[in-house]
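The values are calculated or read from the model by the stated rules, or taken from the named source; none is laboratory data. Note that this is a predicted model, so its numbers are computed, not measured. Don't worry about glycine lacking a Cβ; one is built from the backbone with ideal geometry, like all the others, and counts go over all protein chains shown. We work out accessible area using only protein heavy atoms, side chains counted, and drop any ligands, DNA or RNA first. Shrake-Rupley method; radii C 1.70, N 1.55, O 1.52, S 1.80 Å.
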Amino acid sequence: MQSARHSTPMNPATTLPTILAIAWLLPLAAFALVWVGYSLPQMAGGRASYGAQRTAGWLATGAIGTSCVLAIVALIIWLTQTAPHEVATVHETAAAHQAASEHMASPPTSYSGIYYTLAQFGKLRISIGYYIDALTIAMFALVTLISTCVHIYSMGYMHEELEDMVDREIATPDGNYYHRPGRYHRFYQYLSLFSFSMLGLLLAGNLAMVFMFWELVGICSYFLIGFYFERPSASYAANKAFIVNRVGDFGMLIGLMALWSCLGTLDFGDSNTPGMFSQLRSEAHQYELDAAAMGSESADTNYLLLFVAGVGLFCGCVGKSAQFPLHTWLPDAMEGPTPVSALVHSATMVAAGVYLVGRCYPIFVPEALLVIAIVGAITLTLAATIAITAYDIKRVLAYSTISQLGYMMLALGLGGWAAGLFHLITHAFFKSLLFLCSGSVIHAVHTNDMRQMGGLRHKMPWTAYTMLIGCLAIIGAGIPALGIGLSGYFSKDAIIEQAWSFARVNESSGYQLLMWLPLGGAFITACYMFRLWFMTFTGMPANTERYDHAHESPRSMVGVLVLLAVFAVGVGWHVPGSKLSVTSLLERARPAGTLETTTGTWLPNLTVPDEHLSHEPQIAIPAGWSAFAMAMGGLLLAAIIYVWRWLRAEEIQQSFSPIHRLFVNAWWFDQLYDWMFVRPALWKSKFFAGIDRYVIDPFVNLLARGTAFLARALDLVVDRKAVDGSINGLARLTWDFGNSLHRLQTGNLRQYVVFIVVGLLGLFAAVSLCWKYALAG
Amino acid sequence: MNLDSPAVYLSLLTFLPAVAAVAIACFAPKDNAELIKKATLAVTVVTFVLSIGMLFGWPGIEFKAGQAEMQHLFSVDWIPTFRIDYLMGIDGISLPLVVLTTFITMLGMGASWPIDKHVKAYCVLLLLLETGMIGVFLALDFFLFYVFWEVMLLPMYFLIGIWGGPRREYAAIKFFLFTLFGSVLMLVAILMLYFSSDLRPLGADKLAELKVPAERIEQILDADTPQHTFNILALQQLGQSTEQFKTELWGWTYERWAFLLLFIGFIIKVPSVPLHTWLPDAHVEAPTPISMILAGVLLKMGGYGIIRICYPICPEAGYDLAWLVCSLGVVSMVYGAFAALAQNDFKRLVAYSSVSHMGYVVLGLGVWSAMSPTYNADYWKMGMNGAMFQMIAHGISSAGMFFMVGVLYERVHHRQIDQFGGIFARMPVYSGLAVGIFFAGLGLPGLCGFIGEFFVVLSTWKYCIPLAVVAAAVVILTAAYILWTLQRVYLGTTYLGPHEEALTPITPREMWIAAPLLALAILFGVYPRAILDYMEPSVSLTADRLASKTSDFDGEQQPEAKVAQALSPQVETTDIPKL
């Protein structure tokens, strides 16, 4: 079943699937153990004790920790056992680059196969399988690492759940707060299930399996957002998240259907039969996109189908990655506990959309890529503008997440495959760091409102300075002249470079916007991130009572912050003394045929440039400096307003009052959707239910009444005279039976029974006689 | 009398409940309700064991997985004058449904413990109902099938009409008349088919295969007049390989009329919009266990009839009317989902969700995508298998949902969704199980509801793109009505309705009903081959046989020519391909 391109003594083709499968299933085992082990005492009316709950936490953490170790083992095996592609490095001559590109036009090393078949119909097969390439390995390591961090962090953060919990967000009618038993073990149970689902999504060998785990991470997200399900806001947010995601999944289903019906498979790799990638980008076509694989007779239809498939898949990603226009669920999802926001709603699950676009990159035609880029550009700007006016610390980070995901989508859409996925990885580290820092702050001051904070760096220095690192990383701080910086510097620069490169080859002014928007976004990003940091940690305490009670978080939390800060700084760097880096690892997974410069078929003047061209000095240098200037500008503006206070935020708000209101209300998307979709759906549901009640049922009743009238008439004429005289034994039996039951309770049943039996027999006799004569005659 | 013999075993499986019902009716002491319930439960358990016994049974009655053809086929003369036989058999299509029937009946009996009105009559009727249901799935003689169909109807009528809620009489009569209307249409179709069938062209080998006794085969082959038959398998072969049902009547062939009549009869049972309005009323009024059986098993008879009778006997009509079948399926899906969204009665909501979910079944059965130029039947096979899987999955999830509603109703005696809330805090284990089962209904991957829906939707595109798009959109509505319901009933802090003190934790008895349903929902969701390994060969064979005719149907330009051929003496020499 495996298709290994390289065989070595320790064959990765067999070891990797096994190792990763164990890493994938361990969290599921933890989930199942906790579920069964903690439901049984509850059934007996008891409840999980303090110690038992702690054990659940350790069990889940141990499982994901082991998975993390296994993922790192897999990474090491990958690096040592598989031969790397020749990677085109940054400063290559055009000729060498050309050679490298040609070399790149072969499929990357990958192992694909099947764990078990779900169903097979003729040639069609849907299975639980795997597709392992460098991207899988990298994402596995990333997800297990961050998940482990969040598991450990939560031991401190969620400790209130160990005992009876007082929910201060809910007031009971008698004026007290709501008391309930703690749900520490449930939290870990959900985290384990989430880790399992997320890893399954990464390991998936085909799109059907992706879709299954796609839904599963969605439901885990539902559980985790709704963790405080006693709060109406939490249950609404959970519902909203799942339903909005389902809107995206609707599109994804359409994409799946198109591919499934045209290609007959949803496998990524080739196992016995050619998978999607090798059908769409076959060797015979030099790995160029071959729309004819879609199988219909006309080339236009093929291209259209491929476009529909691509955009459909992307719809799913729009939902999951909270892109415009389905971005509205993510800010509300912050109702979940903060570690969840760090793991699910910033680092991993919401990035799954970006991952999927990257994974399915060979499927997208240039026009579909353009759609992705436009959506990404709109999202990154829109979310940034909202982030700058929000006061809830988690909402700022949520909008920032949306905006950064927009960057990744933009990069992928403009041909920057590696840039987008690289940013996904760096972003996962610094955004989970930022969220966990914000969690540490919330843990200390018991509020999300930044207006209640201020000066906290004196009370919680570790949190403050690790968060500063996170802020610097997200704005892409670095020194362009020396080429050093934090992780975000490398990844964001790569995106800006690709946008610059795209804008250079596409002259039209609309396309230029796709370069200016991310640049402007970089400015706003720096501005709102440092607004957040300054408001929280510097200046005078806004609320002295909260300030006095604030304290640095326990070591389990701070330790995790430091670890993540280290990654946020260094994950973009090369391993000292080698060429190895995250980018070089990703390059090993670059799908065949996606590097070349391509032009659109319907839009002939749309050119998606070769990604390596963006590293040419004439692009990289101006792009890098512009990004740097923008970030510094944003930082300065934030400092001017919130540190030096040369400008007052309130005055700016007043002078731009309409725009400010637009931003504060998140562009009124929630209200708009309520009017456009939610209410009409409810109206429609009332309408359909009304048809039943006011159209079909009255009609049926009318018919019944008419029949009953007819029956009474017949009863007078036929029943008394004819039937009563000649009723046969069977009918009499039934009559008696009906009579005996009639005595129990019901109404006038015997009449019906008699009519039925006699009617049927009569019909039978009549028809058979007619037919006999007809045929005999 | 030897249990090795399929005739004895299948008859025992079918009639054991009826015999037990008679025994209970005659001998059970009227005042000892507990004993009667226990005896009835024991009978349903034994029946269930008998039904799964075929999966692991000894030689002779063992069901061979992977075999597509009918197994354990046997025939006994019943009414020789009309050549009506006691003909039964089992294959991959009926086996899962039989097991589902015995399983749900067993759980339904377990759920019947709170019933204390006329317990004896209740148990007797429940057992009679079980015989009717099993019989429908096993009967292969059309007349026998029809008898079982009617046998099942009456107990159901009484079970709703006597043990139901306040409007039980209206609901029971409505259920009865709707179904009766369908069965009358079915009867007309049966007679149409019977009187236009002729066994002679099938030849001796085929007849022997169909378990016609040797002496009768000679008689049939030597006869001068058409030899009619009620044998469903024979009718399938006649429909697929001869022109016997192509006689025209009012512009349509008999085949088409028969298909339409049968189809209407079956979609009433499914139920499909616009013939579905009996279902919400019946469910709302029926007691919990009867709702479980109604949703879990009775609705499946419609789908079973379509795949066993409509399509194989009237293939060309099925091909021509596939658009109607698929459209009705999609309309039901959308309509049911929207209507569910508007309900405030918990049971009515679940009932409408059944309408929506059973729409997938109709759609999946109808997506005859084996069309020109490739005539590739794989996607249709996928749709059919998805539909059949959805029947089992829906049997589990809807029975579970109705039971979960029943657990609440028993405690607080109301079903108004807006008067619940905070159940999770009060009944955590129950709520956990309920959420699991509702998610199975929502079609969450890893639970049984997903597989069928996903397969059906994926296979639709190949048949018709717009229908596929609409069908895919239903996932949004399903999520909306289920999550909204869960939110209003289970989440939050305060319970808004009456009898708050009655919200006690789930009892072990209820646990033993809910937990197996959830466990099966997970098993079938994770490993659908647990069903498909038995089911897929038979379903795929059905699709293959029909699909192989598609090119003939396409090539046929003039129906008149066909009729002429049918009436010509060539009938005798019609070549029957080896199937």
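Which part of the range B:145-185 falls in the paramagnetic zone of residue B:82, meaning amide N under 17 Å from the point 7 Å along Cα-to-beta-carbon?
Those under the cut-off are B:145-152, B:183-185.
Measure out, as a whole number of angstrom, how far apart the alpha-carbon centroids of the range B:61-104 and the range B:490-544 sit.
27
How fast does the range B:76-188 diffuse by Stokes-Einstein, in µm²/s, taking the Kirkwood radius from C-alpha pairs at 10 °C and 1.306 mPa s?
Working: Rh = 15.4 Å.
In µm²/s, the coefficient rounds to 103.
Write down the Å³ per residue value for the convex hull defined by the alpha carbon atoms of chain B. Display every interim value, and only then the final one.
Working: hull volume 81.2 nm³, N = 579.
In chain B, the Cα convex hull volume per residue is 140 Å³.
Roughly how many debye, to the nearest 20, is the charge dipole of the protein assembly as shown about its Cα centre, given +1 on each Lys and Arg Cβ, -1 on each Asp and Glu Cβ, and no other charges? Kindly include the intermediate steps, with their values, before the conclusion.
On the way: 77 positive and 91 negative charges, 605 e Å.
Its charge dipole is roughly 2900 debye.
Just for the Cα atoms in the range A:314-426, what are the lengths along the principal axes, largest first, rounded to whole Å?
Here the Cα extents, ordered largest to smallest, are 40, 24, 22 Å.
Output wanted: per-residue J couplings in Hz (rounded whole) for the range A:514-523, from phi through Karplus 6.51 cos²θ - 1.76 cosθ + 1.60, θ = phi - 60°, x for Gly and Pro.
With the stated coefficients, the range A:514-523 comes to 5, 9, 6, 4, x, 5, x, x, 4, 4 Hz.
From zero up to wherever the largest Cα-Cα distance of the range A:294-372 sits, split into 5 Å bins and tell me the percent of pairs in each.
3, 15, 22, 18, 14, 10, 8, 5, 3, 2, 0
Taking chymotrypsin sites (Phe, Trp or Tyr not before Pro) that fall in a DSSP loop and have at most 13 other Cβ atoms within 10 Å as cut points, what is the longest piece of chain A between them?
Values: sites that count: A:602, A:644, A:646, A:656.
The longest such stretch corresponds to A:1-601.
Rg to Rh for the range B:397-458: what is it, with Cα atoms only and Rh by Kirkwood? Mind dumping the intermediate values first?
Details: Rg = 13.5 Å, Rh = 12.7 Å.
Answer for the range B:397-458: 1.06.
Answer rounded, prolate or oblate for the range B:269-400, using the Cα gyration tensor with square roots of eigenvalues a ≥ b ≥ c: rounded when a/c is under 1.5, else prolate when a/b is larger than b/c, else oblate. List each step's numbers first, then the result.
Details: a/c = 2.33, a/b = 1.99, b/c = 1.17.
Verdict is prolate for the range B:269-400.
Work out which residues of the range B:401-430 lose at minimum 10 square angstrom of accessible surface when the other protein chains are put back, relative to the chain isolated, with a 1.4 angstrom probe, and list them by number.
Residues meeting the cut-off: B:424, B:425, B:428, B:429.
Run the helix sum for chain B: -39,500 (n - 2.57) per DSSP H stretch of 4+ residues, divided by residue count, reported at 222 nm to the nearest 500 deg cm²/dmol. Don't skip to the end; give the middle numbers.
On the way: 25 runs with 395 residues, N = 579.
My calculation for chain B gives -22500 deg cm²/dmol from helical runs alone.
Go ahead and estimate [θ] at 222 nm for chain A from helices alone: -39,500 (n - 2.57) per DSSP H run with n ≥ 4, summed, over the residue count, rounded to 500. Present the calculation step by step, with values, prior to reporting the outcome.
Numbers: 29 runs with 498 residues, N = 777.
Calculated from helices alone, the mean residue ellipticity at 222 nm is -21500 deg cm²/dmol.
Would you compute the Debye intensity of the range A:114-272 from its alpha-carbon atoms alone, equal scatterers and no solvent, and pass along log10 I(q)/I(0) at q = 0.17 Å⁻¹ to two decimals?
Log10 I(q)/I(0), no solvent term: -1.07.
Given A:320/A:684; B:206/B:381; B:64/B:211, which pairs have Cα atoms separated by over 22 Å?
Working: A:320/A:684 27 Å; B:206/B:381 26 Å; B:64/B:211 19 Å.
From A:320/A:684; B:206/B:381; B:64/B:211, over 22 Å: A:320/A:684; B:206/B:381.
Please compute the Cα-Cα pair-distance distribution of the range A:384-521 with 5 Å bins starting at 0, giving whole percents from short to long.
Result returned by the calculation: 2, 10, 18, 20, 18, 13, 9, 6, 3, 1, 0.
Rounded to the nearest 100 Å², what's the accessible area chains B and A bury against each other, both chains counted, probe 1.4 Å?
Numbers: alone 20700 and 33540 Å², together 46810 Å².
Its buried surface, counting both partners, is about 7400 Å².
Working with all protein chains in place, sort B:174, A:686, A:459 by solvent-accessible area computed with a 1.4 Å probe, largest first.
On the way: B:174 10, A:686 130, A:459 65 Å².
Largest accessible area first, the residues go A:686, A:459, B:174.
Taking θ as phi - 60°, what are the ³J(HN,Hα) couplings along the range A:685-698 by the Karplus curve (6.51, -1.76, 1.60), each to the nearest whole Hz, with x for Gly and Pro?
5, 4, 4, 5, 4, x, 4, 4, 6, 10, 10, 5, 4, x
Between Rg and the Kirkwood Rh of the range B:93-139, both from Cα atoms, what is the Rg to Rh ratio? Don't jump to the answer; show the numbers that get you there.
Working: Rg = 11.8 Å, Rh = 11.3 Å.
My calculation puts Rg/Rh at 1.04.
Name the residue from B:121, B:96, B:45 whose Cα lies farthest towards the positive end of the charge dipole of the range B:42-121, charges +1 on Cβ of Lys and Arg and -1 on Cβ of Asp and Glu.
Highest projection toward the positive end goes to B:121.
If you filter the range A:472-571 for GluC sites (Glu not before Pro), then keep DSSP loop positions with at most 15 other Cβ within 10 Å, what is left?
Details: sites: A:497, A:507, A:545, A:552; in loops: A:507, A:552.
Sparse-neighbourhood loop GluC sites (Glu not before Pro): A:507.
Write down Rg/Rh for the protein assembly as shown, rounded to two decimals, with Rg from the C-alpha atoms and Rh from the Kirkwood relation over Cα pairs. If you can, show how the numbers build up before the last one.
On the way: Rg = 33.9 Å, Rh = 33.6 Å.
Result for the protein assembly as shown is an Rg/Rh of 1.01.
Please work out the Kirkwood hydrodynamic radius for the range B:1-71, using every pair of different C-alpha atoms, and report it in angstroms with one decimal place.
Working: mean 1/r = 0.0732 Å⁻¹.
So the Kirkwood estimate lands at 13.7 Å.
Run down the aspartates and glutamates and flag those whose C-alpha is under 16 Å from the C-alpha of residue B:30, throwing out any fewer than 8 positions away in its chain.
B:116
Excluding ligands, DNA and RNA, what is the solvent-accessible area per residue of the protein assembly as shown at a probe of 1.4 Å, expressed in Å²?
Numbers: 46810 Å² over 1356 residues.
I get 35 Å² per residue for this part.
Dipole magnitude of the range A:267-396 about its Cα centre, charges +1 at Lys/Arg Cβ and -1 at Asp/Glu Cβ only, in debye to the nearest 20?
On the way: 5 positive and 11 negative charges, 115 e Å.
Using Cβ point charges on Lys, Arg, Asp and Glu, the range A:267-396 gives about 560 debye.
What residues of the range B:488-510 lose no less than 30 Å² of accessible area with every protein chain in place versus their chain by itself (probe 1.4 Å, heavy atoms only)?
Flagged in the range B:488-510: B:491, B:492, B:493.
Amide H of residue B:73 versus every other amide H placed in the peptide plane: which residues, excluding those fewer than 5 positions away on the same chain, fall under 5 Å?
Close amide H contacts, sequence-distant or interchain: B:90.
Can you give the convex hull volume per residue for the Cα atoms of the range A:563-670, as a whole number of Å³? Before the final figure, lay out each step's value.
Working: hull volume 29.5 nm³, N = 108.
Convex hull of Cα atoms, per residue: 274 Å³.
Given a 1.4 Å probe, show me the residues in the range B:300-342 buried by at least 30 Å² of accessible surface when comparing the whole protein assembly to the chain alone.
B:335, B:338, B:341, B:342
What are the ³J(HN,Hα) couplings of the range A:429-442, residue after residue, when phi is run through the Karplus curve with 6.51, -1.76, 1.60 and θ = phi - 60°? Round to Hz, x for glycine and proline.
For the range A:429-442, the Karplus curve yields 6, 6, 6, 5, 4, 4, 5, 5, 4, 5, x, 4, 5, 4 Hz.
Taking +1 at the Cβ of each Lys and Arg and -1 at the Cβ of each Asp and Glu, which of A:337, A:442, A:33 sits farthest along the dipole of chain A towards its positive end, judged by Cα position relative to the Cα centre?
Of the listed residues, the answer is A:33.
How long are the three semi-axes of the equivalent ellipsoid for chain A, computed from the Cα gyration tensor as the root of 5 times each eigenvalue, in whole Å, largest first?
Details: eigenvalues 595, 264, 151 Å².
Each semi-axis is the square root of five times an eigenvalue, giving 55, 36, 27 Å.
Check residue A:573: other-chain or 5+ apart residues with amide H under 5 Å from its amide H, H built from backbone geometry?
Close amide H contacts, sequence-distant or interchain: none at all.
To the nearest 20 debye, what charge dipole does the range A:165-230 have about its Cα centre, counting +1 at the Cβ of each Lys and Arg and -1 at the Cβ of each Asp and Glu? All intermediate terms of the calculation are to be shown ahead of the outcome.
Details: 4 positive and 5 negative charges, 36 e Å.
The calculated dipole for the range A:165-230 is roughly 180 debye.
Hey, what D do you get for the range B:422-562 in µm²/s if you plug the Kirkwood alpha-carbon radius into Stokes-Einstein at 10 °C and 1.306 mPa s? Show your work: numbers first, answer last.
Details: Rh = 18.7 Å.
So the translational diffusion coefficient is about 85 µm²/s.
With the cut-off at 20 Å, tell me which of the pairs B:269/B:347; A:431/A:579; A:240/A:394; B:174/B:269 have Cα atoms farther apart than that. Each step should come with its number before you reach the end.
Values: B:269/B:347 18 Å; A:431/A:579 26 Å; A:240/A:394 18 Å; B:174/B:269 13 Å.
From the list (B:269/B:347; A:431/A:579; A:240/A:394; B:174/B:269), the Cα-Cα distance tops 20 Å for A:431/A:579.
For the protein assembly as shown, which whole-number percentage of the solvent-accessible area (1.4 Å probe, protein heavy atoms only) is attributable to carbon and sulfur atoms?
Working: 30410 of 46810 Å².
Within the protein assembly as shown, the accessible surface is 65 percent carbon and sulfur.
Out of the range A:272-362, which GluC sites (Glu not before Pro) are coil in DSSP terms and have no more than 11 other C-beta atoms within 10 Å? All intermediate terms of the calculation are to be shown ahead of the outcome.
On the way: sites: A:283, A:288, A:297, A:335; in loops: A:288, A:297.
Answer in residue order: A:297.
So who's got an amide H within less than 5 Å of the one on residue A:598, skipping anything under 5 residues away but keeping other chains? H placed 1.01 Å off N, in plane.
The answer is A:608, A:610.
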